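What follows draws every value from the coordinates through simple rules; no lab data is involved. The model shown is predicted, which means the values in this text are computed figures rather than measured ones. Positions of Cβ are generated from backbone atoms using ideal geometry, with glycine treated the same way; all protein chains shown enter the neighbour counts.
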Amino acid sequence: MPVQDIFSGNYREAHEKFLRAANEIGAATQTFSMGFDLDSNPLFIGAAHFGPPGANKLVIIFSGVHGIEGYAGSAIQSQAFPSLKQLAEAENIRVLMVHAINPYGMALGQRWNADNVDLNRNANSNGLDNTTIDPIYVKLNSIINPPHPCGFEDFEEKIKTFAQQNNLDQRRIQSAIMGGQLQNPRGIFYKGLKLSAELAKIFEYIKEFDHDNLDCVSVLDIHTGIGDKGDSTLGTLFSLLSTDENEIAYREQLAKTYFCYQDNKYKHIIGDMPVLMGTTAAEIRVGGQFSGNLAYAVARCFKEAAVSSFVLELGTGPLLHELYTLINANSVLTFFPEDFKSMEDYQKSPIMQELREAFYPSDEEWRESVLKRGVNVCESLIKFSGAGSLIQPITR
Ligand SMILES: [Zn+2]
C-alpha cells in the first residue's frame, strides 16, 4: 500500500482503518463512545487486544492523547498489527492498542479536547496540584493567549524580548508555557480542574487488566511535534516509577539495548526528554516539569506488575513554530467562535490548516520516516518487554 494511503485524512477514516487492521489479525476490539464532532458524527476511542490469553506480560500502546498528533500514531498502530502479533506470540506477551484517546481533538485537528483541556496534563487532576500557578505563565499570558492571531516573526520577537527583560533562558520559558496551567481555562496547556471523560474511561478500562496477574507491563504513548523534523525522541519515565537508582540504571541499560539502533536519523535519548515529565533532579536538568501525563498515570493503575513507561516524540520542526501554531489556533477559536461552527469551518481555516501541518506534516518523506521508526519502536517494545521479567516489581 502506498505510504500516503496508510495515513488518514480524517478521524473517521483513521478509526475504521484501525479496527479493520485489528480485525485482520483476529484481535478482540472494543469501542468507547466519546460524544460527537461538530456535524454530529459519533466519536470513539478504539481498543484492540491480542496475544496469548494467559500471558503475564502486557504491552500497551496509545495514540491520539493530543488529538491532531493521533494521525501519525494511528497509522503506526494500524501498520504494526501483523508484526506485533507475530512477536507477541513468540515472546508470550499480550498487546493492547488504544486508538485516538482524544477523538474530538483528532477530528477537529486540534491538540486539546472539547473543554480546551490538554489531556497529557490532566491525568492526575485530583485537586492536589490545583494551586500551582507559574508566575511566568501569568506574565506571558498576553503573548501566548492573545486576542487575535499574530505573525510568526512578531511572536518570536515578543518571546525574545520577554526573555531578555526578565532574564530567563529558553528552557524556563518553555517549561512555564508547556508545564500545564490552571489560571486561564481558555489558555494554551490548560490542565482542567477535574479528570476528563476521556481519561476516566481509559483508566477504568486499563484497571480491568490489573486483575490478570500481570508481572510486567510496558507502556508507550506516541506523540508528534517535539523535535526536529525527521528526529525521534524516546523518553522514559523510569525515574518517576522507582526511587531505586540501581533499578533505574538497569532499566535504562535494557532500554538502550532494545531501542538504540545505528541509524543516524533515529535519535533516541534514553532517560531524558526535552520537556520535563516529573519532579526528580534528572528531569529538572532538562528544563521544566509537568505533572498529569498519561504514561505515568497509566503505570500507576497497576498495583503488582513491574511497569516501564515510554513516550515517543516524532519531531516535526522548531518548537517555537509549533507553539506559535497552537497559540494562533487557540486565539481564533477563543475570540472568534462564530467562525467555527461546523467541521467544514475548521477544515477551511488557514490557521487550523497551519496547526495541522505543524503536528501532522503532509509530505511523504516525513510520513514514510515516522511510520518506519514508529513501527520499529513498537516492535522493540515487545522485545524489551520480553526481557523485562528480569526486572523487579516497583514498590508503589
Ligand atoms: Zn503530544
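Rg(Cα) of the chain divided by 2.2 N^0.38 Å?
Rounded to two decimals, the normalised Rg is 0.93.
Non-local amide H neighbours of G35 (under 5 Å, H modeled in plane, Pro and chain starts lacking H): which ones?
For G35, whose amide H was placed from the backbone, the distant partners under 5 Å are L43.
Say we join alpha carbon atoms closer than 10 Å with springs in a Gaussian network model of the chain; which of S349, S63, S218 then has the biggest fluctuation?
S349
Going by how many other beta carbons lie within 10 Å of each one, how would you line up I226, I76, fewest first?
Ranked by crowding around the Cβ, least crowded first: I226, I76.
Using a basic spin-label model with each label point 7 Å from the Cα along Cα→Cβ, how many nm lie between A90 and D5?
If labels sit at A90 and D5, their model points lie 2.7 nm apart.
Can you tell which of S242, V95, S232 lies farthest toward the positive end of the dipole of the chain, using +1 and -1 charges on the Cβ of basic and acidic side chains (Lys, Arg; Asp, Glu)?
Farthest along the dipole direction, towards plus: S242.
Against the 2.2 N^0.38 Å scaling, with N counting residues, where does segment 1-137 land? I'd like the Cα-based Rg ratio to two decimal places.
Normalised by 2.2 N^0.38 Å, the Cα Rg of segment 1-137 equals 1.17.
How many nm separate the modelled label positions at N166 and V138, each set 7 Å beyond the Cα in the direction of the Cβ?
Here the modelled spin labels are 1.1 nm apart.
Divide by every residue of the chain the summed helix terms, -39500 (n - 2.57) for each DSSP H run of at least 4, and state the resulting mean residue ellipticity at 222 nm, rounded to the nearest 500 deg cm²/dmol.
-14000 deg cm²/dmol
Would you mind ranking C301, C150, C216 so that the residue whose beta carbon has the fewest other beta carbons within 10 Å leads the list?
C150, C301, C216
Would you mind ranking H321, H49, H148 so that the residue whose beta carbon has the fewest other beta carbons within 10 Å leads the list?
Taking fewest neighbouring Cβ atoms as first place, the list is H148, H321, H49.
Taking H as built 1.01 Å from N, whose amide H comes closer than 5 Å to the amide H of N102, not counting residues under 5 places away?
HN-HN under 5 Å from N102: V65, G67.
Hey, if you put +1 on the Cβ of every Lys and Arg and -1 on every Asp and Glu Cβ in the chain, which of M178, V217, Q77 ends up farthest toward the positive end of that dipole?
V217
State to the nearest 20 debye the size of the charge dipole of the chain about its Cα centre, where the only charges are +1 on K and R beta carbons and -1 on D and E beta carbons.
The calculated dipole for the chain is roughly 600 debye.
Check the straight Cα-Cα distances from K256 and name the lysines below 28 Å, setting aside those fewer than 8 residues away within the same chain.
K57, K85, K229, K265, K267, K303, K372, K383
Select from Y190, Y250, Y346 the residue whose mean-square fluctuation is largest in a Gaussian network model of the chain (Cα-Cα springs shorter than 10 Å).
With Cα springs under 10 Å in the chain, the top fluctuation among Y190, Y250, Y346 is at Y250.
Farthest toward the dipole's positive end in the chain, which of N167, N113, G46, given Cβ charges of +1 (Lys, Arg) and -1 (Asp, Glu) about the Cα centre?
About the Cα centre, the residue reaching furthest to the positive side is N167.
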